[in-house]
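First comes the structure, then the notes that go with it.
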Amino acid sequence: MSRNVSIRYAIDWTTVLLYVLLVLMGWISIYGASYNFDQASIFDFSQRAGKQFLWILTAFALGGVLLLIDSKLYNIFAWFIYVGAIVLLFVTIFIAHDIKGSRSWIVMGPISFQPAEIGKMATALGLAKYMSAYNYKLKSWRDLIPLCVIIFIPFALIILQNETGTALVYVAFLLMLYREGMNGIVLLIGSFAVVLFITIIKLSIVPIQVDHGTLGMLLGMAFILMVQMGYAIFFCRNQKEAIILFVGTVVVAIAAYVLNFWFYLNYNYVAIFTVVASCVYWTFIELFNRYKKYWFVVIFSIGSVLFCFSSDYLFQRVLEPHQQVRIKVLLNMDDAPLGAGYNVNQSKIAIGSGGFFGKGFLNGTQTKLKYVPEQDTDFIFCTVGEEHGFWGSTLVLFVFWLLLMRILRIAERQNDAFTRVYGYCVASIIFFHLMVNIGMVLGIMPVIGIPLPFFSYGGSSLWGFTILLFILIRLDAARLERMR
């Protein structure tokens, strides 16, 4: 095949069409969410739909420019783009205006820009550049440390901007790392940490008996012991040690219950003692039998105990009050129907009122009467649910699924690691945004304020996702230029 393949034939037009379709669907949804009876034109530039139309035109132009740039430049300048984004994120902390407690927006006249959106693309390029180095393989923890540093720097800077929700998006890069060879135990540890955190926070107010500890800490220790037994059975193939641990735990539990009739016992301390004793037991086996398998479970157990103690501190001291309330609402610890839970309650009412077929375009009562706050930004999906019902919501999710599958296909068909890694970064970011945004609108995830890709109002978000996607499309087109 000729090396000088026209860019027109090399572009994956299916991905471009899915992008255009989602953008147009988002534009129509913004029009429905912000509809004004007195200014009904969708092209009224004083209204949100009209302003979004201008952002869409500029996004299309930006995408075209990105396709015309030589694909090699994205690889060559990946580190420069990453460092430039880090500098911009750092400067933003000091020059950004305080908007609703966040210092993450740079205001330039009538235009507001959020550098964190560019930071996602820059981090993806940085990861792709590092992981595409000659002979690089993600095989050990030592190989993982530099990647964590690349992700952590922008994550920390965005946290300093008081944009916790946006910073959490960087967790999505773990999905890419898992695809590239990261041990799945990392994802399991992360999932277990979430379960422990929820258990400790939600059940910390539930006493076992008066002054005998809380149910949250007791269940947390029980989960750790269960993980130890599971590790011994499934990873070490040693059922004997798991049975001994189980029997020992049952004996301690029975003894504690019986002794409580004569002596005051705090069951939380008994549970912690049991976990510590189990760690001593695993250490004994490791030292005298040289299994070389149990050090991990010892370190994991001690770390989990410390995490249980720090969860309350993390919740009470590190998280902002409004973030604490949102988590409490999600965990049904605080209904707050007129407070922090108001957005989610109104969103669920709007979606539920749409039924199967919806109320029809521009006929949603909840959205037209502005009962749902932020209904054209973070809660844009409730407009889709109310006006177009279950079938319309399913259609939107189906188009997103098609886009994600197409991105994954693009990533898998690459011969070079740079484009493959970058492709999986793009898929991970879009998936995380989609999962969390839809989840918080439905009330199954905390409200952390991240936009729905290509749907939520705002040029900063639209530009960010456009740049992220069209760089991938350009890198993918280059594969035909390398073919002969």
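The values are calculated or read from the model by the stated rules, or taken from the named source; none is laboratory data. Model, not experiment: these values are computed from the prediction. Here the Cβ positions follow ideal geometry from the backbone for every residue, glycine too, while neighbour counts run over all protein chains shown.
Data overview
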{"quantity": "Residue 420 vs. criteria in the same structural domain as residue 51 (by TED's automatic domain parsing), basic (Lys, Arg) and crowded, with 22+ Cβ neighbours inside 10 Å", "calculated": "yes"}
{"quantity": "Near pairs, Cβ below 9 angstrom, 6+ apart or cross-chain, from the stretch 233-253 (in the same structural domain as residue 293 (by TED's automatic domain parsing)) to any residue that is among the charged types (D, E, K, R)", "calculated": "233/241; 235/293; 236/293; 238/293"}
{"quantity": "Only listed residue being at pLDDT 80 or above, surrounded by 15 or more Cβ atoms within 10 Å (Cβ to Cβ) and of a type in the set (Gly, Ala, Ser), chosen from 156, 167", "calculated": "167"}
{"quantity": "Hits in the stretch 175-188 - residues which are surrounded by 16 or more Cβ atoms within 10 Å (Cβ to Cβ) and in a helix (DSSP H, G or I)", "calculated": "175, 176, 177, 178, 179"}
{"quantity": "Filter pass, residue 45 being of a type in the set (Phe, Trp, Tyr), without any contact (Cβ under 8 Å) to a residue 12 or more places away in the chain and touching a helix residue (DSSP H, G or I) at 6+ places or on another chain (Cβ under 9 Å)", "calculated": "yes"}
{"quantity": "Criterion (modelled with pLDDT of 95 or more, in contact with a Leu (Cβ under 9 Å, 6 or more places away or on another chain) and more than 22 Å from residue 375 (Cα to Cα)) met by exactly one of 57, 18, 22", "calculated": "18"}
{"quantity": "Total residues in the stretch 89-130, condition closer than 26 Å to residue 474 by Cα and in contact with a Lys or Arg (Cβ under 9 Å, 6 or more places away or on another chain)", "calculated": "1"}
{"quantity": "Criterion violated by residue 358 - all others in (1) in the same structural domain as residue 159 (by TED's automatic domain parsing); (2) modelled with pLDDT of 80 or more; (3) surrounded by fewer than 12 Cβ atoms within 10 Å (Cβ to Cβ) satisfied", "calculated": "(3)"}
{"quantity": "Filtered residues of the stretch 435-448 (kept if in contact with a helix residue (DSSP H, G or I) (Cβ under 6 Å, 6 or more places away or on another chain) and buried (at least 20 other Cβ atoms within 10 Å of the Cβ))", "calculated": "441, 446, 447, 448"}
{"quantity": "Residue count for the stretch 246-294, restricted to those that are under 18 Å from residue 235 (Cβ atoms) and surrounded by 13 or more Cβ atoms within 10 Å (Cβ to Cβ)", "calculated": "11"}
{"quantity": "First in the stretch 341-355 and assigned by TED's automatic domain parsing to the domain that holds residue 446, second anywhere and aliphatic (A, V, I, L, M) and outside any helix (DSSP H, G or I), Cβ under 6 Å, 6 or more apart", "calculated": "346/372; 347/372; 350/372"}
